Each structure stands twice: as structure tokens, then as C-alpha cells.
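Step one of this worksheet: look at the structure below.
The values are calculated or read from the model by the stated rules, or taken from the named source; none is laboratory data. Quantities reported herein were computed from a predicted structural model and do not represent experimental measurements. Cβ atoms come from the backbone with ideal geometry, glycine included; neighbour counts cover every protein chain shown.
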Amino acid sequence: MSAPNNAGVVALPDAEAQCRQLADLIRPHLSLNPALVGIHSGGVWIAGRLRALLGLSEEIGMIDVSFYRDDFAEKGLHPQVKPTAIPFDVEGRHLILIDDVLYTGRTTRAAINELFDYGRPASIALAVLADRGGRELPVAATWNTWDVTLVNGQSLVLERKNNGELAWRLENA
């Protein structure tokens, strides 16, 4: 568990190493032939990494939950809404939903709602790089590589650098 020091600074882990750790956690479950679905944007980047690290040939699914959020009226349309693309049949399939940060659970709930519009999966597991607590819904990650506590007004942002590597950034509101 990472907690802020007296100055409110959190030590940020190596996101690429976290992707490798997440792949190691998922690898024993590949016998279920799961499909990977990343939540835009960070979850899609991680899903792409996991596909390569796990040696999976099937394309990943990409999901944008903007229209499925229960707080859509408050947040409004995000200026960079991305299309959802599910290149496989969801019906009866084991899915691994992937996101960068698990916080309130609302994004995860919205993603599950959208997935059910494509069919009824056999199961949905959740894989995240960071769990920052603060749940407002009964949602838990199946696989998580980092429990972190932030001070009020801070948020974690996963970014993709020019060289393609993933890295964490801490933002203050």
C-alpha cells in the first residue's frame, strides 16, 4: 500500500513493470480462453501490453463508457469520446475487463452495462494497475498490482509517452 508522505507525495511505481506483474497474475487463467477488453484510454493501452506479454493472438476489445456513466448528465460529453469496438462474440465468453485505476466503481459498472449490450458473457474479471479505494459501488478487482491512498484533490493519470512506454503522473486539482 502506498500512502502519501507528509508533503502529500506518493511514490509512483513503474507502470511497465506493473503490466508485467499483471500478466503474471492473469497467465494461470488463460485456460479459460478469455478475451481482453480495455476501457479507454489507459485500460486499452494496458490491454494491448497484456495481449503481447501473454502471447494472445486475438484482438483486444476497446470500450468507451462515456454514454453509460450514471453521472453523464453531470459530466457531459467528453470532448474525446472514442468508439467502442468488440471484435469477438461476447455471448458465453470469459472476459477480462481492464482499466488503469479503480476508484468509485462507476466506470467499471458502466463498462459492464455496455458489455451486456453485446451479449451475456460467461464471466467478467477485472484487472487494474491501481486501486485507490473510495468505492461507491460494490466493485472489486480480481487482479490489482498497487493499492494507493491519495490526498483529497489528487488523481492518478496513466500516460503513454512518445516512445510508447506507460508511466504514472500525479495530478493536483
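Summary of values
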quantity	calculated
Conditions (1) among the aliphatic types (A, V, I, L, M); (2) more than 16 Å from the chain's Cα centre (by Cα); (3) at pLDDT below 95; number of the one not met by A52	(3)
Among (1) loosely packed, with under 13 Cβ neighbours inside 10 Å; (2) at pLDDT 95 or above; (3) of a type outside the set (V, I, T) - the single one G43 does not satisfy	(1)
Wholly within region 99-173, strands (runs of 3 or more DSSP E) carrying at least 3 residues that are of a type outside the set (A, V, I, L, M, F, W, C)	154-160, 166-172
Residues located in region 135-173, provided they are hydroxyl-bearing (S, T, Y) and loosely packed, with under 15 Cβ neighbours inside 10 Å	T149, S155
Residues located in region 113-134, provided they are crowded, with 18+ Cβ neighbours inside 10 Å, under 12 Å from the mean Cα position of the chain (by Cα) and of a type in the set (A, V, I, L, M, F, W, C)	L126, A127, V128, L129, A130
